[in-house]
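Remarks on the structure that follows.
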Amino acid sequence: MNGNRTFTMIKPDAVGNGHIGNILKDIQDAGFKIIAMKFTRLSEGQAGKFYEVHKERPFYGELVSYMSSGPIVAAILEKDEAVASFRTLIGATDPTKAEPGTIRAKYAESIAANAVHGSDSDENAAIEGNFFFSALEQVG
Ligand code: UDP
Ligand code: MG
């Protein structure tokens, strides 16, 4: 994966609240191309592994149980400066601090149930995309 790709998940709150279509529309309207996508559900073990980087943080246990509480949509996205551009599109981690019009401002429930994940670096985008998708599934 190169510097033009990022990885996202539509989290259980946004899936449960019926926002998959609206969020995918916002992502495509912002110029991202879908390279890979799947609807799935993480086990606690899989969510724990995905968020291992946060395991010393106080919210880790809740984050893992939340992220395995319902289905998600996982996707690899492509655009110039994808990581930074996508972080701008989704807004701050805490939706009360997210810029108006961002995906988290529009669709998130709380700082934990904040609608979407977005990778924080090119390196993590590659790791996270490869966690969900084989090379054969990265077709866009
Ligand atoms: N999170 C939380 N409480 C916090 C900070 C983060 O529950 O105080 C959750 C939230 O779902 C967030 C995820 O942990 O998206 C990962 O945290 P990070 O700091 O990486 O935020 P992000 O990169 O998602 O904006
Ligand atoms: Mg993060």
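Only the coordinates and a few stated rules stand behind these numbers; no lab work does. It should be emphasised that the depicted structure is a prediction, and the values quoted were computed from it without experimental measurement. As a convention, Cβ positions derive from the backbone with ideal geometry for all residues, glycine included, and neighbour counts pool all protein chains shown.
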Note on segment 39-96: residues part of a helix (DSSP H, G or I), farther than 20 Å from residue 107 by Cα and aromatic (Phe, Trp, Tyr) are 50, 60
By residue number, the members of segment 93-121 that are buried (at least 22 other Cβ atoms within 10 Å of the Cβ) and near ligand 1 (Cβ under 10 Å from one of its atoms) are 104, 108, 114, 115, 116, 118, 119
When restricted to 72, 76, 90, the only residue surrounded by 18 or more Cβ atoms within 10 Å (Cβ to Cβ), within 12 Å of ligand 2 (Cβ to nearest atom) and either under 14 Å from the mean Cα position of the chain (by Cα) or among the polar types (S, T, N, Q) (or both) is 90
Going by the structure shown, is residue 81 within 12 Å of ligand 1 (Cβ to nearest atom) and either acidic (Asp, Glu) or touching a residue at least 24 places away in the same chain (Cβ under 8 Å) (or both)? no
Checking 36, 14 in turn, the sole residue that is touching a residue at least 60 places away in the same chain (Cβ under 8 Å), more than 24 Å from residue 105 (Cα to Cα) and either among the hydrophobic types (A, V, I, L, M, F, W, C) or assigned to a loop (DSSP other than H, G, I, E, B) (or both) turns out to be 36
Checklist entry - Going by the structure shown, is residue 124 within 14 Å of ligand 1 (Cβ to nearest atom) and touching a helix residue (DSSP H, G or I) at 6+ places or on another chain (Cβ under 6 Å)? => result no
